[in-house]
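A short worksheet on the structure shown next.
The values are calculated or read from the model by the stated rules, or taken from the named source; none is laboratory data. The shown structure was predicted, so the numbers you read here are calculated from the model rather than taken from an experiment. Cβ atoms come from the backbone with ideal geometry, glycine included; neighbour counts cover every protein chain shown.
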Amino acid sequence: MMNNITELGVRLVVIFDGHCVLCNRTVRWLLRRDRHYRLRFAAAESPQASGLLARHGISAPDPESGPATILVVRDAGGPAQQVHARSEAVLAVLRELPRPWPAVAFLLGWIPRPVLNLGYRLIARWRYRIWGRLENCPLPTAEARTRFL
């Protein structure tokens with residue numbers, strides 16, 4: 001499967017909390033905007049995500065609290081594979097979307113990283129209380145299924 005990722009020209013793999021309502025809504029939002037198919041998705045709880053993360057010494061998320069952050073893998077399966085977390089992951093995803101989102105990423109990039117990460121951590125801490133937690137990861141639609149690992 002990893003060879004298929006690089007053959008398709010996929011730039012980023014977005015690893016998200018499959019039980020988080022906010023995270024699932026964000027993935028649906030990204031699916032609608034990623035018209036050039038530069039993104040693939042994997043729930044952090046999936047074996048595919050675990051394999052990608054294990055290569056970087058990142059363990060599987062705690063099932064009760066879920067992953068503490070969104071993770072983005074650039075050049076998945078390639079020799080220059082990199083993992084981005086928190087606000088850097090969000091900026092990397094925005095840069096891959098069509099206009100105006102790269103410009104939004106550019107503007108957000110002017111905010112000092114500690115400030116961006118503080119905002120990210122606050123949302124991550126309260127996401128289950130505000131948006132809720134799903135008992136099971138929802139299945140993607142048949143159309144979107146090809147975009148998931």
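Considering only segment 27-49, I want to know if a residue exists there that is among the β-branched types (Val, Ile, Thr), at pLDDT 90 or above, assigned to a strand (DSSP E or B) and surrounded by 14 or more Cβ atoms within 10 Å (Cβ to Cβ). Among the residues of segment 27-49, not one is among the β-branched types (Val, Ile, Thr), at pLDDT 90 or above, assigned to a strand (DSSP E or B) and surrounded by 14 or more Cβ atoms within 10 Å (Cβ to Cβ), which makes the answer no.
Aliphatic (A, V, I, L, M) and not in a loop (DSSP other than H, G, I, E, B), is that true of Leu139?
Criteria not met by Leu139.
If I ask for residues that are surrounded by 12 or more Cβ atoms within 10 Å (Cβ to Cβ) and aromatic (Phe, Trp, Tyr), which ones from segment 101-139 would you list? Of everything in segment 101-139, those that are surrounded by 12 or more Cβ atoms within 10 Å (Cβ to Cβ) and aromatic (Phe, Trp, Tyr) turn out to be Trp101, Phe106, Tyr120, Tyr128, Trp131. The single condition from (1) farther than 21 Å from Leu116 by Cβ; (2) at pLDDT below 85; (3) under 13 Å from the mean Cα position of the chain (by Cα) that Pro67 fails is (1).
Evaluated against (1) aromatic (Phe, Trp, Tyr); (2) within 19 Å of His19 (Cα to Cα); (3) part of a loop (DSSP other than H, G, I, E, B), Trp126 falls short on exactly one condition, (3). Within the option set Ala80, Ala103, Ala76, being among the small types (Gly, Ala, Ser) and either closer than 22 Å to Glu143 by Cα or in a helix (DSSP H, G or I) (or both) holds for one residue only, Ala103.
For segment 88-110, does any single residue satisfy the condition of being basic (Lys, Arg) and either farther than 23 Å from Ala144 by Cβ or touching a strand residue (DSSP E or B) at 6+ places or on another chain (Cβ under 6 Å) (or both)? Checked segment 88-110: no residue is basic (Lys, Arg) and either farther than 23 Å from Ala144 by Cβ or touching a strand residue (DSSP E or B) at 6+ places or on another chain (Cβ under 6 Å) (or both). Arg129 passes every criterion in (1) within 23 Å of Arg25 (Cβ to Cβ); (2) within 17 Å of the chain's Cα centre (by Cα); (3) without any contact (Cβ under 8 Å) to a residue 24 or more places away in the chain apart from (2). Within segment 30-39, the presence of at least one residue that is in contact with a Lys or Arg (Cβ under 6 Å, 6 or more places away or on another chain) and touching a residue at least 24 places away in the same chain (Cβ under 8 Å) is confirmed.
Can you find a residue in segment 101-115 that is touching a residue at least 60 places away in the same chain (Cβ under 8 Å) and more than 20 Å from Thr26 (Cα to Cα)? No; the residues of segment 101-115 include none that is touching a residue at least 60 places away in the same chain (Cβ under 8 Å) and more than 20 Å from Thr26 (Cα to Cα).
Working only within segment 76-87, note down all residues that are within 19 Å of Leu149 (Cβ to Cβ) and under 14 Å from the mean Cα position of the chain (by Cα). Correct list: Ala76, Gln82, Val83, His84, Ala85. Scanning segment 40-60 for residues that are on the phi < 0 side of the Ramachandran plot and without any contact (Cβ under 8 Å) to a residue 12 or more places away in the chain yields Pro47, Ser50, Gly51, Ala54, Ser59.
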